[in-house]
1. Sort Lys505, Lys191 by Cβ crowding within 10 Å, fewest neighbours at the top.
2. Given an 8 Å cut-off on Cα distances and at least 6 residues of separation, report the relative contact order of the chain as a percent.
3. On a full-extension model of 0.36 nm per residue, what is the gain between Asn89 and Leu174, subtracting their alpha-carbon distance, rounded to one decimal in nm?
4. How far, in nm, would the chain grow between Arg342 and Ala374 when pulled straight, counting 0.36 nm per residue and subtracting the alpha carbon separation?
5. Could the peptides 372-385, 476-489 be put in order, highest first, of the mean number of other beta-carbon atoms found within 10 Å of their residues?
6. Got a sec? How would Leu216, Leu11, Leu321 order by Cβ neighbour count within 10 Å, fewest to most?
7. With the radius of gyration and the Kirkwood radius both derived from the Cα set of segment 387-482, what is their ratio Rg to Rh?
8. Compare the peptides 14-22, 573-581 by average per-residue count of other Cβ atoms within 10 angstrom and give them in order, highest first.
Amino acid sequence: MPEGEENRGALVIEAALATMPAVPGVYRMLDRRGSALYVGKARDLRKRVAAYTQPARLPERLRRMVSETTAVEILTTHTEAEALLLEANLIKRLKPWFNIVLRDDKSYPWLLLTKDHEFPQIAKHRGAQQRKGDYWGPFASAWAVNQAVTAMQRIFLLRSCADTVFANRTRPCLLFQIRRCSAPCVGRIGKEEYGRLVAQAEAFMAGRGVTVQQDLANEMEKAAATLNFEQAASLRDRIRGLTHVQGAGVVNPASLGDADVMAAWQAAGQAAIEVFFIRGGHNNGNRAFFPAHAKGEAAGEVLGAFIGQFYDDKPPPPLVLLSHSPPEQALIAEALTLKAGRRVRILVPERGEKRAVVAHAETNAREALERKLAEAAGTSKLLAEVAALFGLRAPPSRIEIYDNSHIMGANPYGVMVVAGPEGFEKAAYRKFSIRGPLAPGDDYAMLREVFDRRFGRLASERAAGEAPPAPDLVLIDGGAGQLGAAAAVLERLGLGPLPLVAIAKGPDRNAGREWLHLAGREPAQLPPTSPVLYYLQRLRDEAHRFAITSHRSGRARGLRQSELDAIAGVGPARKRALLNHFGSARGIKGAGLADLEAAPGVSRETARRVYAYFHPGARLADVS
């Protein structure tokens, strides 16, 4: 990199130091577009940021960051631990190019035992924990929490049905027949006895499963002694289920209680982190993560950056076991303690059961990374074949795929899906609500609007001297007509050289007989067994899926809206009452004032407002 560029960035940073306080906080290096290049934390902002004014002493990655820096922003905090938490939050939200970034856009499921009903329900829960009840988790996947729900049903016979279903049952459901529910909905069990089941479930989830198992064994002996063999058999089945769930070992390390186990593995310039969720001595599942921008960083550095971002939106357990010691381990533990409101320990075990669990996580991390590298190698080969097929100078690193969806022209949406060497990049997906005006079902006009908006922005950003992400290959779901419409837009915007391909199904719309349309070439087909054809089909099908999903969500929003929403004083309850009585907005619009006043749940004043809205020229005094 030219030395002058480094110096320009260093001079910007040096100028910022003149007013920078010597206190804890977070700093952000920004590029000329105002986007975050790097986010860091410091005990002393002035001293830490001053290190960037001497690029020659920095590693290559940070030298590049300094060369692109045009501004520095800071946020001060009271302590370094608070700065660490804020740093993790900003990195996860801004995704700076020169930070190690956790790619994790999913919410984790929890197990919920409700407390707002006299017969509590056991259920899977995602999102904000607003409902009154006890939450256990998180679980690594929906499969893991579903397994837990099933186990709780079999062992403790707790209901899993919604409250509305519970209130309307007149006879036991199938779950009672297969001994996975005690049927409190129809009085097969009393409130006090059901409460005992709930208490046992709470004790089990709190890690006191051995005590619960002993209590069940005592109950079974008493039932057998009184010759109540049916109850004894039921208790025996529950004990067997509890024994199976509590199976100890490296997968269910009973001595850990509540802990997360994190192990890192590195190969071929990439890193994988495997996380095991242990709660109450039970394994709540595991998941592999692949942090971005981790090339060249030590395993401890990767883990240290990962931990803060991982716990940004979830509570840390009392114990975190690691495979490698991160820099500032004590500070990370202090920050997690601050976040949790109780002590959090971070350990790197060297022997015993804890070390065995970490070693098991390391094995899973290694296997996950090997699978990812194998998939990447396969994708790289496919991209090379795509480049050869379409005459590209190099394998494409960014492929954009476009599709439209509508029903008879209603709720039209266009979408852009992005794929690359690491698969689909869902964070880069875009949806375009078609604004028009256009004739209903005019696919060409919809495509032209999408291309105008997407590539018009690309052209304007390039004209402003910026370097926005541009596709190496553009795929369109369609035929020669769609290809011509898209090519005309690109040519008008001065982006003609972009490689453009339309992929259309054959006359019988059979997969495997697709035609590929390229400008200046005759339409061509690939053999039905071609791996490249299969890859292109996957890209096209993902765009089609996203288009349909976008259209359905837009249509659902439209169905939820009504002309009644514009009438002052008509809220959801009155709107529901009117729709239930008249059947539709059209029925309400055609109703007389007397009919509106007679509708259940509608006051005279509301009826007059509704009538006046649909009949603006009417004098209410004449019809009252």
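1. Lys191, Lys505
2. Details: 1037 pairs, mean separation 47.9, N = 624.
RCO, the chain: 8 percent.
3. 26.0 nm
4. Details: separation 32, 0.36 × 32 = 11.52 nm, distance 4.21 nm.
Full extension from Arg342 to Ala374 adds 7.3 nm.
5. 476-489, 372-385
6. Working: Leu216 18, Leu11 12, Leu321 24.
Result, fewest neighbours first: Leu11, Leu216, Leu321.
7. Values: Rg = 14.5 Å, Rh = 14.6 Å.
For segment 387-482, the value is 0.99.
8. Ranking, from highest mean packing down: 573-581, 14-22.
Where a number appears in this text, it was derived from the coordinates with a stated rule and is not lab data. What you see is a predicted model; the values in this text were computed from it and never measured. Note that we place each Cβ from the backbone using ideal geometry, even for glycine, and neighbour counts take in every protein chain shown.
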